[in-house]
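The values are calculated or read from the model by the stated rules, or taken from the named source; none is laboratory data. All values reported here derive from a predicted model rather than from experimental measurement. Note: ideal-geometry Cβ built from the backbone for every residue, glycine included; neighbour counts use all protein chains shown. Side chains are part of the model used for accessible areas, which takes the heavy atoms of the whole protein and leaves out ligands, DNA and RNA. Shrake-Rupley method; radii C 1.70, N 1.55, O 1.52, S 1.80 Å.
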Amino acid sequence: MSPASTIPRTTESARQNPDRTLTLAAVLLAVFVVPMSISGTAVALPDIGGSTHAGLAPLQWVVNAFNVAFACFTLVWGSVADVVGRVKAFAAGVALYAAGSLASAVAADVLQLDAARALTGIGGAAIFSCGAAILSTVFDGPARARAFALFGTIAGIGVAVGPSLAGALVQALGWRWVFAAHAVALALVLLALPALSRAVPPRAGGGRIDVPGSALFVLAMVLLTTAIVQGSQWGWVSKGVLGLLAGSVAALAVFVAVERRSAHPMLDLSVLRERRFVGLCLVPVAASFGFVTLLTYLPSYLTAVSGRDTRTAGLLMLLLTAPVLACPMLAARLVGRGVRPLTLVFLSLACLVLGDLALTVLSPSVGALVLVGPMLVTGAGMGLSAGLVDGQALALVDPAKAGMAAGFLNTLRLGSEAVAVAVYGSALATVLGRRVGDGIDGYPGAADAARVADQAAGGDLVGAAGLSGAADRTGFAEFLTRAYDSAFHSVLWGLAAVGLVLAAVIAVLLRAGRRPAD
């Protein structure tokens, strides 16, 4: 079917069922707010710190509290949606997110802000899990493919424009309006709930909320994500981190035992026996390592090593994020013309690996034109599978379990992002620490080298040079620039290797079991 013939049919469908159109618009607006908050809040942190006089650790938890709560409750909300109804669960999530945003806007200190952000993360988990389940229920066939393509596109737009919108709000009105704006947007979503109730078919009934399973899963995820977040501060082999990891493994083992015996489990383990579903759920994990890590750390390289200002670095990052906006709809059109969805999934994995390898052309003096190809290819690796993989994975699951399945998929997506970013930062600091410890004669020792490397890994080379105690700070900063560049390239090779291994595992899983509904 050609694009020209698709557009009139879509328009006609919208006129015939306005509730479906309003449902799609409401879900997409809510989905837009969540990633915009994730990527935009970091821009407000300096102003939040100056206003609340917060230390580094509680200030970091303004972001971390949201991410931890999101990862902990995504699967829980998916299960709850299958029991109480997807519209009710979605509405509860939107209300919690709006309330948390208002509480963030009026927080008196950073600890109140941390708690409010955790509440917001709980609501955000409901929006993503239940929103995907609602689209899977309301739309089918080509309409479902377009809906999930828009889902991925809007999420990508939120990630891309979050920092610039947040920066404009902070500069014009202050950091509190970053959170107040989210509450206003979600108030509009709440007004559309009657249309959602009419568009979503009534639930078949039955079942109950798995309280023991939910509590065990949340405990396991809290322990795991806290270990990941604190690993770079406490040390990855410290007693605290190892204890948290051991507790997480124990809680997950008990969780599996409880779920196997539960009549109404939060996670029906039979879903995981569908190997193709598991394979598709691993695709966002590959994107977390191949794309999200660069989205987080590449700006530091562009400013600290290449010497570009923040505005120029931000413009260059559009080369990485632009494909995330365009490729989901491109993938939907290609599927509509007969291209197999799994072909696009494998193409996205190839782009992630090749893009990471191509980015090794980076150097302190590299020109912007040289970066165009590698950054666009890496972004395409993320964009081609965004949305498409959600629709393909949910097509393999019993519709009655769509909420739970969407929750599991997004738990892997968000959890892997936290893991990938933490591992990347730790690897960069570790390799950089070795370069620093080996590269200077008479350097005070490994402990100091690790401290300097940790500061430099965040992009603050001048501050790291000050920590070194070196007499020639300018010369030491130049050495750090070379060391950072070398460490960055080593980690890029590691990312490509991880992507290649994940692609091989996904290929094996997708060749087994029944095919999703292309």
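Would you calculate, for the chain, the mean residue ellipticity at 222 nm contributed by helices, counting each DSSP H stretch of 4 or more residues as -39,500 (n - 2.57) and dividing by all residues, to the nearest 500?
On the way: 20 runs with 418 residues, N = 518.
Value at 222 nm, helices only, nearest 500: -28000 deg cm²/dmol.
With the cut-off at under 12 Å, measuring from each backbone N in region 82-107 to a point 7 Å along the Cα-to-Cβ line of Ala400 picks out 83.
At an R0 of 30 angstrom, the distance between the Cβ atoms of Val501 and Val339 translates into a FRET efficiency of 0.70. Loop sites here are trypsin sites (Lys or Arg not before Pro) outside DSSP states H, G, I, E and B with no more than 12 other Cβ atoms within 10 Å. The longest part of the chain free of them is 1-207. Helix 3-16 sits at what angle to the longest principal axis of the chain, using alpha carbons and giving 0 to 90 degrees rounded to 10? Between the helix axis and the principal axis of the chain, the angle is about 60 degrees. Relative to the longest principal axis of the Cα atoms of the chain, the long axis of helix 402-439 makes an angle of roughly 10 degrees. About the centre of its Cα atoms, the chain shows a dipole size close to 1600 debye [charges on the beta carbon of Lys, Arg (+1) and Asp, Glu (-1) only; nearest 20 debye]. Distance from the Cα centroid of region 332-381 to that of region 234-276 is 34 Å (rounded to whole angstrom). Annotation: per residue accessible area for the chain equals 41 Å², rounded to a whole number [probe 1.4 Å, protein chains only].
Taking the 0 to 90 degree range and rounding to the nearest ten, how far is the long axis of helix 239-261 tilted relative to the main principal axis of the chain, both from C-alpha atoms? Helix 239-261 sits at roughly 10 degrees to that axis. Give the separation of the Cα centroids, region 384-434 to region 92-138, in Å. About 19 Å separates the Cα centre of region 384-434 from the one of region 92-138. Solvent-accessible area assigned to carbon and sulfur over the chain amounts to 67 percent, based on a 1.4 Å probe.
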